[in-house]
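See structure below.
No value in this document is a laboratory result; all are computed from the given coordinates. Computed from a predicted structure; not experimentally measured. Methodologically, a virtual Cβ is constructed for each residue, glycine included, from the backbone with ideal geometry; neighbour enumeration extends over all protein chains shown.
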Amino acid sequence: MVDFFNSLPSPGVNDTRRDYCRAGATALIMKRPSQNLPSGWAWKAIVFGVILLFLTLFAGCTSTGGAKTGDTVRVYYSVALPGNPPFDTNQNGTPLEFIVGSGQMPPGFDRAVIGMTPGQTTTVTVPPDQAYGLRNESLVGEVDTNALKEMMTRLEQYGELSPRLIPGIDEPVWEYRAPGNQVYYYRFMNITAETTVVDQNHFLAGRDLVFSITLVEIVR
């Protein structure tokens, strides 16, 4: 089965934020107490409060803000056609590892992951232009049925040809895995003794996809 499958703040912004936080924390620590300084437990409470404020500032300065373009991440996912059960998932298997924004995944999948933190789950509907593209009607044509049978016999001799039932698609999707792990998809419609309509579009072309994604880990 085919794998299912840039909002990075500029360095200047992050550097400025870090400098601001450091400067603020330093000012809190280095500030001289006034001469009318409270004594005893009151003074200890003030010192404790300053320490807590410093830790809060430091935590804010070092926050990663979730997954971003260029990160290597691991995710669990499932994918379905709208209103149908998933036809592919790795929920009970090994997490999928990929680099965000590298082109390994559909653009809509990448966008859904950006900003996620480990343990977070999101469900998004991805349109065709952010998934497997639009249909190409020039890839649909009528062929002689007997010639098609002969072609399928030859394909089986050189690779693996098998049907898949996809919830939401009426006809079986025939998957041909050629030598070198190249994968092609075919759908056959209006089959008669004389002719058959063959659709060579990817079976997800022109379709919205519903992804459920759980971010397992940001590997960096």
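From the residues T195, G168, N136, which one has its Cα farthest along the dipole of the stretch 74-209 in the positive direction, the dipole being from +1 and -1 charges on Cβ of Lys/Arg and Asp/Glu about the Cα centre? So the residue furthest toward the plus end is G168.
Starting from the stretch 153-220, pick out the GluC sites (Glu not before Pro) whose DSSP state is loop and whose Cβ has at most 13 other Cβ atoms within 10 Å.
Passing both the DSSP loop test and the Cβ count: E194.
Its convex hull of Cα atoms gives the stretch 137-199 a direction-averaged projected area, equal to a quarter of the hull surface, of 4.7 nm².
Distant-in-sequence amide contacts of D88, defined by a placed amide H-H separation under 5 Å and a gap of 5 or more residues or a different chain, comprise V79. Subtracting the Cα-Cα distance of R177 and T72 from their residue separation scaled by 0.36 nm leaves 35.0 nm. Based on C-alpha pairs under 8 angstrom that are at least 6 apart in sequence, the stretch 137-199 has a relative contact order of 37 percent. For the stretch 57-138, the list of trypsin sites (Lys or Arg not before Pro) that fall in a loop by DSSP and count at most 16 other C-beta atoms within 10 angstrom reads R135. A cut-off of 5 Å between modelled amide H atoms, ignoring neighbours fewer than 5 places along the same chain, links L209 with V126. For the pair M152 and N84, a Förster radius of 25 Å applied to the C-beta separation gives a FRET efficiency near 0.35, rounded to the nearest 0.05. In this Cβ point-charge picture (+1 for Lys and Arg, -1 for Asp and Glu), the stretch 137-199 has a dipole of about 260 debye about its Cα centre.
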